[in-house]
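Reading through the structure tokens given below for one structure.
Coordinate-derived values only; no laboratory data. The structure presented is a predicted model; accordingly, all values stated were derived computationally and were not measured. Ideal geometry is used to build each Cβ from the backbone, glycine not excepted, and the neighbour counts take in all protein chains shown.
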Amino acid sequence: MRKLWLKLTDARLKPALRALRDSGPGLGDLFESPAAASGFFRPLRAGLRRAAAAATGTPPASSQALAAAEDFVERLERVFSDMALHGTLPDAPVKEALLYLQRACAEAPALLSAGDRAGAFARIRGFSAGARKVLALARAAAEASPSGFPQNLKFSSIYSGLDAVFDAYERCAEVLFRI
């Protein structure tokens, strides 16, 4: 009931939550075709922009959630755009990090529910920690390997970009949890 009430009374929460939730299922398709990122994220960005323009007089936390969701969507789109630009498909660590992100995105709706907020937030932080560990190990290996320098540099930037995606996701999840 709490989640429904918040969505009805605060026009910024619904698009922020949608940006987190809806990004998850699309990650598999984007994994296969990173060039499709612009088309996939366009409706999410448009919904966030409409909410920012339409909702006035909403609580500051809603504005923070909306801004963090925008940051998350932009950073995630940039990661896939970089993959497409470099002509690289995700490697095993990126795939694993994206699976963690997909699981975290599935937990987003529970952040507003009265019963499972704390559990969802803890699971999100766990998924984020798992992904960060995978990305840190992969980035360290890419930076230490002298062979394949251009490819390692590309993936190192992709790993850093995904790490920033998790930063933005966690910021948004924390704001939604505290509402």
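Across region 20-107, the volume of the C-alpha convex hull divided among the residues equals 85 Å³ per residue. With a simple spin-label model that places each label point 7 Å from the Cα along the Cα-to-Cβ direction, the separation between ARG21 and SER160 comes to 3.5 nm. Axis angle, to the nearest 10 degrees, between helix 92-107 and the longest C-alpha principal axis of the chain: 10 degrees. Once the Cα atoms are used to define both axes, helix 37-54 deviates from the longest principal axis of the chain by about 30 degrees. Under 25 °C and 0.890 mPa s, how fast does the chain diffuse according to Stokes-Einstein, given a Kirkwood radius computed over C-alpha pairs? Answer in µm²/s, whole number. Rounded to a whole number, D works out at 148 µm²/s. Against the chain, whose longest principal axis is taken from its Cα atoms, helix 60-86 shows a tilt of about 20°. Overall, region 81-151 carries a charge dipole of about 260 debye about its Cα centre when +1 sits on the Cβ of Lys and Arg and -1 on the Cβ of Asp and Glu, all other atoms neutral. Inter-part distance, region 152-176 to region 81-136, computed on C-alpha centroids, equals 9 Å.
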